[in-house]
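The values are calculated or read from the model by the stated rules, or taken from the named source; none is laboratory data. Owing to the predicted nature of the structure, the values given are computational and were not obtained by experimental measurement. Cβ sites come from the backbone with ideal geometry, for glycine too, and all protein chains shown count toward neighbours. The accessibility values were calculated without ligands, DNA or RNA, using every heavy atom of the protein model including side chains. Shrake-Rupley method; radii C 1.70, N 1.55, O 1.52, S 1.80 Å.
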Amino acid sequence: MTEETPGFEEKPDVPSGATPEDAEPKTDSSTAEGSAPAGDANQTAGLVAQLDQVRTALGERTADLQRLQAEYQNYRRRVERDRIAVKAIAVANLLTELLPVLDDIGRAREHGELVGGFKSVAESLETVAAKMGLQQFGKEGEPFDPTIHEALMHSYAPDVTETTCVAILQPGYRIGERTIRPARVAVAEPQPGAQAAKAESAEPSATPAASAPETGDDKESGGPDEG
């Protein structure tokens, strides 16, 4: 048996003429340098793919949010439009129920019975109805319009040139452009044949004037003296 001397390490055999650096192991630097760029490229491609996915998801969520916002705005406008329509219908129904009362007030005013406290109440009621948009229409002498007038009486008159309202039996009422009751009127039409007679009287006479007969003086002055 041989004894190993402590403090000495075995060294690999080095050929003669070689330096100590040749005995140290060497790493393949070309392999390390080539593998590093490939790993970075793969990592960059993965990040780009994830970024594209995030952008796509963000675009979809943004489109969903815009669509929801547009739907909400349309809903608000529709609700507001329905609210205004319901209010207008309710006001029209209320004022329609008050029309007989307003007719009674009008008849009392025509007969001079609108006096005292009743007059104050009637005027207050008419003021409130006007504030709510109620408008009265219908006057004597205006042309008859079947869209806003209801003819209850009919007659002929020689002094009118078209169908005319000659008496207002019940006034009409409207709210804005909506007519809630037409005016009930008596109408008069032109007298049959009156316009033809007027047209004939207005035409100039086409017959030439007859010549005046000759007088005796004209004969004497116009002809030669007979011997």
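Observations, loosely collected:
- Kirkwood analysis of the range 88-188, using all unique Cα-Cα pairs, places the hydrodynamic radius at 14.7 Å.
- Computed over protein heavy atoms with a 1.4 angstrom probe, the accessible surface ordering of HIS149, HIS154, largest first, is HIS154, HIS149.
- For ALA167, the shell of other residues with beta-carbons less than 12 Å away shows a net charge of 0, using +1 for Lys and Arg and -1 for Asp and Glu.
- HIS111-LYS87 FRET efficiency (beta carbon distance; Förster radius 30 Å; 0.05 resolution): 0.25
- What the range 98-179 shows is 65 Å² of accessible area per residue, with the surface traced by a 1.4 Å probe over protein heavy atoms.
- For the range 74-123, the equivalent ellipsoid derived from the alpha-carbon gyration tensor has semi-axes of 38, 10, 6 Å in decreasing order.
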